Amino acid sequence: MEAVREIESRQPPKTSAPRVPPGPPARGGGVLSRIRYGLNFYFDPFGFVGDRFDTYGDAYFVAATGEPGLYVFRKPEDVWAVLVTEAKKFRKTHSAFRELGQVLGESGLLTTDGELWRKHRRIVQPAFSPKRMTEYAEVMIDETVREAQSWREGKRFDLADAMMELTLRIVARTLFGHDASADVDAVRDAMRTLQDGMVGAQLPIPRWLNIPRRRQERAVATLDALIARMIATRRREGGEGQQDLLQRLLDAEDPETGAKLSDVEIRDHLVTFFLAGHETTSNALTWTFHLLGENPAQRARLEAHLGEVLGDRDPTPEDFPKLGFTTQVLEEGMRLRPPVFVMARQAAEDVRIGQWDLPAGSEVVLWLWHTHHDARLYPDPERFDPDRFAPEAKAELPKGAYLPFGQGPRTCIGKHFALMEGTLLLATIANRWRLEPTGPAPKLHARVTLSPKNGLPMVPTKR
Ligand code: HEM
């Protein structure tokens, strides 16, 4: 509470005059200072931003990005206002998305806005209906059993790689009817290069020196070739009886003109779903298993709960609602290690957030990592405690305190898919294997998503 009072005492008094939060002094525009600033952030983003929150309070302002500047928020009320109550006054265009947009194209859901976004969201939404979810659950369990059967007692393996491959196969099979087993290496390499390239590409250095950017361009070409093959195969074989996302995109017609989506639009959606649909869930699971490995008492509770619900069998889709404690474990994993730890927006018009007045054009960063680690919301915040997400405790959390999937109109379209997938995978694996971490605790690798630096070696023991 001392810390809360101290931070609050640094906040300027409420007033009706336009107000800007405190923040670091504007930097000179020198290339060296920009590179130094960029590298400090690149190597330790959480320390970098955390220091600023400690210094300035719950919101700070960075003038150096040019007029009208950048606002960084962590308080639940402010995050909620940007994503939900004032959502109409914001758009997704933000300098942080410029690079992402180059990879995802102009039609994918993550990076588009306005009428175009609405039209495309309507087209893809039915692929996430409850009926489809039950079919997806079958595939999720089937692929996980196959994966878990390939592990050997006492044989060390990289869980981060295994989860990436598994979630990739699941998203490809459920949404595109495609067996991605043969493409896993190419997509994994492309993903790594894309994420590093996206941050590296922002460094103010010429293109010929910018190796991350050139690697990124090659990675996009690899993904494009794979997607083009998937579309060509479906067209050749015909989509008779298929109801997956790929077929919806191929069949979709504009209600007024009857026009079909172009190949580029279809490509943009597929790249978006390919990437957004596996990397995040994979990281959520990898970190959750890491946290369970560090907290044997919570792992024992999970095993006891699985014993009660499943005995020694694998789950079925019907078990999902009964696996509440497994979901709580996953939710607490995503609190401590949110796969998406930051969201960004741009003010489309003048808007007030809390006590601050943001002029049109302001860039906004919602730094969820520090919301999720705030001791005022989560006592003893570094402790792994799935009881924080027991139904009664969850209902007590303030709005905006826990947003791993975002909130408001742009909330994750795959939220239920991911919660079901995460729960079923966790249950299937933890009911068959106990995973013991080996080696030092993994370092955080914060790029577009949050993964463990250098993977996560684990040794499996049969249960
Ligand atoms: C644990 C797993 C996941 C996490 C943590 C996650 C997180 C998020 C977040 C935070 C957003 C909102 C971004 C913003 O408002 O700026 C988002 C949007 C999105 N997610 Fe997820 N996601 C996950 C799984 C998935 C899955 C499985 C899919 C697809 C199968 C998916 C597809 C998308 C798409 C297409 C959007 C853009 C939605 C729109 O703007 O209309 N995500 N996700």
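For the criterion of being acidic (Asp, Glu), assigned to a helix (DSSP H, G or I), more than 8 Å from the ligand (Cβ to nearest atom) and surrounded by fewer than 20 Cβ atoms within 10 Å (Cβ to Cβ), Glu392 passes. Might you let me know whether the range 324-335 holds any residue that is part of a loop (DSSP other than H, G, I, E, B), touching a helix residue (DSSP H, G or I) at 6+ places or on another chain (Cβ under 6 Å) and within 16 Å of the ligand (Cβ to nearest atom)? No: the range 324-335 contains no residue that is part of a loop (DSSP other than H, G, I, E, B), touching a helix residue (DSSP H, G or I) at 6+ places or on another chain (Cβ under 6 Å) and within 16 Å of the ligand (Cβ to nearest atom). When each of Val4, Val72, Val31, Val79 is tested for being at pLDDT below 70 and either closer than 26 Å to Gly406 by Cα or polar (S, T, N, Q) (or both), the lone residue that passes is Val4. The set of residues from the range 267-283 being near the ligand (Cβ under 6 Å from one of its atoms) and under 16 Å from Ala160 (Cα atoms) comprises Gly277, Thr280, Thr281. The criterion of being among the β-branched types (Val, Ile, Thr), surrounded by 14 or more Cβ atoms within 10 Å (Cβ to Cβ), away from the ligand (no atom under 16 Å from the Cβ) and modelled with pLDDT of 90 or more does not hold for Val124. Against the numbered list (1) within 16 Å of the ligand (Cβ to nearest atom); (2) at positive phi, Arg91 comes up short only at (2).
Given the criterion among the polar types (S, T, N, Q) and under 30 Å from Ile266 (Cβ atoms), identify the matching residue among Thr85, Thr112, Thr55. Going through Thr85, Thr112, Thr55 in turn, the sole match is Thr112.
Mind listing just one residue for me: the one in the range 405-462 that is away from the ligand (no atom under 12 Å from the Cβ) and free of Cβ contacts under 8 Å to residues at least 60 places away in the same chain and, of those, surrounded by the most Cβ atoms within 10 Å (Cβ to Cβ)? The selected residue is His445.
Residues that are aliphatic (A, V, I, L, M) and free of Cβ contacts under 8 Å to residues at least 24 places away in the same chain within the range 118-165 comprise just one, Ala162. Within the bounds of the range 228-248, is there any residue that is within 16 Å of the ligand (Cβ to nearest atom) and either modelled with pLDDT under 85 or of a type in the set (S, T, N, Q) (or both)? Looking for residues that are within 16 Å of the ligand (Cβ to nearest atom) and either modelled with pLDDT under 85 or of a type in the set (S, T, N, Q) (or both), one finds at least one in the range 228-248, hence yes.
Considered as a group, the residues in the range 127-168 that are hydroxyl-bearing (Ser, Thr, Tyr) and within 16 Å of the ligand (Cβ to nearest atom) include one that is farthest from Gln243 (Cα to Cα), and that residue is Thr144. All conditions in (1) modelled with pLDDT of 80 or more; (2) more than 25 Å from Lys119 (Cα to Cα) hold for Val199, with the sole exception of (1).
Residues in the range 366-396 that are aliphatic (A, V, I, L, M) and either out of contact with any Phe, Trp or Tyr (no Cβ under 9 Å at 6 or more places or on another chain) or modelled with pLDDT under 95 (or both): Ala375, Ala393, Ala395.
Evaluation of Arg173 against the conditions (1) at pLDDT 95 or above; (2) of a type outside the set (A, V, I, L, M); (3) within 30 Å of Arg434 (Cβ to Cβ) shows that the sole unmet condition is (1).
The values are calculated or read from the model by the stated rules, or taken from the named source; none is laboratory data. Just so we're clear, the structure is a prediction, and the values are computed from it rather than from any experiment. Every residue, glycine as well, gets a Cβ built from its backbone with ideal geometry; the counts of neighbours run over all protein chains shown.
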